[in-house]
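Each remark here refers to the structure printed beneath this line.
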Amino acid sequence: IIIVASVGSAASLLQTLISTVTKKEFFMSRLDTVRVNTMSNHIIIMGYSFLGKYVAEKLKDMGMEYVVVAKDEEQVEIARNNGITAMSSPINLVYDALKKAGIERAGSLVATYDDDGDNMLSIMVAKQLNPKIRAITIINERELREGAKAAKADVVIAPSDIIGNILATATASNEIVGAFLPGRFGGKNIAEFTITKEGLN
């Protein structure tokens with residue numbers, strides 16, 4: 001009897017816990033939907049892994065209005081815990097996800113997925129739904145630069161090329177030192193260098 005009662009109590013507790021979590025997820029999802037419906041000229045960030053997080057942090061510092069679309073529920077939970085409006089969607093449902101993210105009213109879209117194909121698909125669908133949207137994408141494989149342009153991306157960025165160039169330049173001479181300074185010069189991030197009689201610093 002004690003064993004049966006214990007098992008029953010555990011099952012009841014588990015059911016209550018699952019119900020609470022489900023209700024919380026439903027409430028957060030509805031709250032994010034309401035927030036998105038009030039947005040206009042906002043930014044849609046596709047992906048919330050490495051680069052997506054940095055983009056979101058910077059936009060938040062700049063006071064910009066944005067929504068994150070992530071493939072992973074865990075990433076969405078992390079974003080929400082950071083006070084970010086977010087929703088989850090597998091890439092094969094990107095059309096529906098962009099509609100929910102208010103693509104018709106959005107001003108820009110940034111595709112930061114680790115997979116270049118996912119980024120290009122996001123850009124193509126976004127441009128079909130809102131031809132005027134400014135679409136920015138990263139590419140991990142430089143050979144796909146032309147493909148990204150063909151997908152109608154307005155800006156194509158290859159992070160590995162940029163970082164590689166900075167590292168190579170810094171390695172070429174011990175007189176070259178660069179500092180990325182957030183929050184200065186009108187909120188722009190720039191590489192600041194000064195020239196002295198000893199050389200470039």
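Points to keep in mind about this one:
- Segment 33-40 - phi-based ³J(HN,Hα) in whole Hz, Karplus 6.51/-1.76/1.60, Gly and Pro as x: 4, 4, 4, 5, 5, 9, 7, 8
- Accessible area expressed per residue, segment 91-160, with surrounding protein chains retained (probe 1.4 Å, Å²): 50 Å²
The values are calculated or read from the model by the stated rules, or taken from the named source; none is laboratory data. Keep in mind the model is a prediction, meaning the values are calculated, not measured. All accessible areas refer to the heavy atoms of the entire protein, side chains included, with ligands and DNA or RNA removed. Shrake-Rupley method; radii C 1.70, N 1.55, O 1.52, S 1.80 Å.
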